[in-house]
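Structure record follows, encoded as structure tokens.
The values are calculated or read from the model by the stated rules, or taken from the named source; none is laboratory data. Bear in mind the structure is a predicted one, so any value in this text is a computation, not a measurement. Note: ideal-geometry Cβ built from the backbone for every residue, glycine included; neighbour counts use all protein chains shown. Heads up: the accessible areas ignore ligands, DNA and RNA and are worked out on the full protein's heavy atoms, side chains in. Shrake-Rupley method; radii C 1.70, N 1.55, O 1.52, S 1.80 Å.
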Amino acid sequence: MNLGAIDPVLLIASLMVASTPIILAALGELVVEKSGVLNLGVEGMMITGAICGFAVAVETGSPVLGFVLAAVGGAVMALIFGILTQYLLSNQVATGLALTLFGLGISAMIGQGYRGIKPPATPKLDMGPLSDLPVVGRILFSHDWMVYFALALVAAVWAFLKFTRGGLILRAVGESHDAAHALGYKVVRIRLAAIAFGGACAGMGGAYISLVRVPQWTDGMTAGAGWIALAIVVFSSWRAGRVLLGAYLFGGITVLQLNLQAAGVPVPVEILSMSPFVITIIVLVIMSATQRGAAVAPAMLGRIFHASS
């Protein structure tokens, strides 16, 4: 066992990379749930985005185009869920679970021809002298553009929900869709827009896994990231800032357990592999239980809206 081989600076820098797909997926689901919709298909949208982004990046040589098409693929999957639940009034829980199964199946089928192929590299942003700063440069200023995009999206979603008229309307729909409808707001359209946004974010999160974190295609490579994103949204009390903290917690434990495996810690690999999921859930539950004045779930979460009501 050689714990001295673990570099704390590299560990923290890797934490930011490992957290990025969770941040993207959880933020998207946060917006969806704020509109009163519960979409359990995050895992399916992420894996669909992973193969769409991977395939497009490989065929075109452009990772940027890969992320764009991953967002489109995730949004299309989400809109399938949206049409089924908002127009055909299907059960949101069952439909979300079906979406996950569908995404896992179709991604495996599309990905058959992409096994063993290395995608084009996603370049890191050139921060100039900032990247050369000791410690801080390696931690904060040596990442690809998607890491910074995810952080900017946290701030954007927080500001949108807290300060804008659009965010107020979205929250109103999530709290009382009947009242919002009575005031003349198009509840179904607003929810579909939120659902599409959530799908696009999940798709980009999946593409980040296949193009950056693990630059290859493997069936089921999201490996439960969508379910962690769902848990983080709930235990963060539907707040964007706490979503970021939850994602960093999961990413940090994930990176740490990989380093512990490499250092030869005498703990079964199976226990180390499951530790990020177990520890993240336990910590988030404790945080949620001890927070005073924590936000509660949107009142209409998971409820069906009847336009005639």
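Computed with a 1.4 Å probe over protein heavy atoms only, the accessible surface of the chain comes to 44 Å² per residue.
To the nearest ten degrees, helix 187-208 and the longest principal axis of the Cα atoms of the chain are 10 degrees apart. In a simple Cβ point-charge model (Lys, Arg +1; Asp, Glu -1; nothing else charged), the chain has a dipole of about 680 debye relative to its Cα centre.
Extension gain for the segment GLU175 to SER273, taken as residue separation times 0.36 nm less the Cα-Cα distance, is 31.4 nm to one decimal.
Grab the beta carbon distance between LEU133 and VAL296, set R0 = 41 Å, and tell me the FRET efficiency rounded to 0.05. Efficiency, from the Cβ-Cβ distance: 0.45.
For segment 7-136, a simple Cβ point-charge model (Lys and Arg +1, Asp and Glu -1, everything else neutral) yields a dipole of about 240 debye relative to the Cα centre.
Judged by the ratio a/c of the largest to the smallest principal axis of the C-alpha gyration tensor, segment 165-293 counts as oblate, that ratio being 1.5 or greater while a/b is no larger than b/c.
Calculated [222 nm] ellipticity per residue, helices only, for the chain: -22500 deg cm²/dmol; basis is -39500 (n - 2.57) per DSSP H run with n ≥ 4, divided by all residues, nearest 500. Note on the chain: with neighbouring protein chains present and a 1.4 Å probe, carbon and sulfur make up 70 percent of its accessible heavy-atom surface.
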